[in-house]
Amino acid sequence: MQLNFELNGQPVTLFVDGAMRALDLLRERCGITGPKEGCGSGECGACAIWIDGVTKLSCLMLAAQLQGRTVTTIEGLAKDEPHPLQQFFVKKGAVQCGYCTPGMIMTAAELLTHEKMPDREMIRNAISGNICRCTGYHKIVDAVEDAAEAMQGLKP
Ligand code: FES
Ligand code: FES
């Protein structure tokens, strides 16, 4: 099928097997390696992307489901400089092996689009579908909290 969608702000047209997974399409046909395959079954969140601004698991989506949609990956989140979440994940030591990081940040970034100052419980709830095997989550929650403050001008 011919597939047309917007990927990180750029129009994309591809001829694809619509039954391939969206995760494979992004990684193998579009050269987008931010979304990772962890479990491949909707359990770990490593493959999280935004579809029309809403976090979705690309391992559970078909390529055909991207037709006409706006797709954002971690590669598209930074503008002129890294997104505050990216900056504070580094500053707070919330990145270790980094495998969960793109999915974790996409999930947290969606939270911050509708909750400007989430408390720790809200952050934990939001990222509850994202598994991290390294950090113990504490530093991740710290990083999201600090990024939220920075985005509100409350933190340098
Ligand atoms: S790879 Fe998609 S949820 Fe784990
Ligand atoms: S930093 Fe390694 S899985 Fe999260």
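All of the numbers you see were taken from the coordinates with simple rules; none came from a lab. What you are looking at is a predicted structure, and each value in this text was computed from that prediction instead of being measured. For neighbour counting, all protein chains shown are included, and Cβ atoms are generated from backbone atoms with ideal geometry for every residue, glycine included.
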Find how many whole Å separate the alpha carbon centroid of segment 97-156 from the alpha carbon centroid of segment 3-20.
29 Å
So what J values fall out for segment 16-26 if you push phi through Karplus, 6.51 cos²θ - 1.76 cosθ + 1.60 with θ = phi - 60°, rounded to Hz, Gly and Pro as x?
9, 6, x, 8, 6, 6, 4, 4, 5, 4, 5
For Q10 paired with E121, estimate the spin-label separation in nm (one decimal), with each label point 7 Å from Cα along the Cα-to-Cβ line.
4.4 nm
Do you know the Lys pair count in the chain for C-alpha distances under 20 Å, with sequence separation 8 or more or different chains?
12
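Note the direction-averaged projected area, equal to a quarter of the hull surface, for the Cα convex hull of segment 84-152, in nm². Provide the component values of the computation, followed by the final result.
Values: hull surface 15.0 nm².
Projected over every direction and averaged, the Cα hull of segment 84-152 covers 3.7 nm².
Under the definition of Cα pairs under 8 Å and six or more residues apart, what whole-number percent is the relative contact order of segment 84-152?
On the way: 71 pairs, mean separation 36.2, N = 69.
Reported as a whole number, the value is 52 percent.
Return a whole-number percent for the relative contact order of the chain, with Cα pairs under 8 Å and 6 or more residues apart as the contact set.
On the way: 278 pairs, mean separation 37.0, N = 156.
That works out to 24 percent.
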Below 8 Å, C-alpha to C-alpha, sequence gap of six or more: please give me the relative contact order for segment 1-89 in percent.
34 percent
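Return the calculated 222 nm mean residue ellipticity for the chain, to the nearest 500 deg cm²/dmol, obtained by summing -39500 (n - 2.57) across DSSP H runs with n ≥ 4 and dividing by the residue count.
On the way: 5 runs with 47 residues, N = 156.
Computed mean residue ellipticity for the chain: -8500 deg cm²/dmol.
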Mind checking segment 1-103 for trypsin sites (Lys or Arg not before Pro) that DSSP puts in a loop (not H, G, I, E or B) and that have at most 12 other Cβ atoms within 10 Å?
K79
Please find the FRET efficiency linking A64 to C39, where r is the Cβ-Cβ separation and R0 is fixed at 30 Å, and quote it to the nearest 0.05.
0.85
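Given R₀ = 30 Å, what would the calculated FRET efficiency be for D24 paired with L154, taking r from the Cβ atoms and rounding to 0.05? Mind dumping the intermediate values first?
Details: r = 41 Å, r/R0 = 1.36.
For D24 and L154, the calculated efficiency is 0.15.
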Computed on alpha carbon atoms, what radius of gyration and Dmax characterise the chain, expressed in Å?
15.4, 48
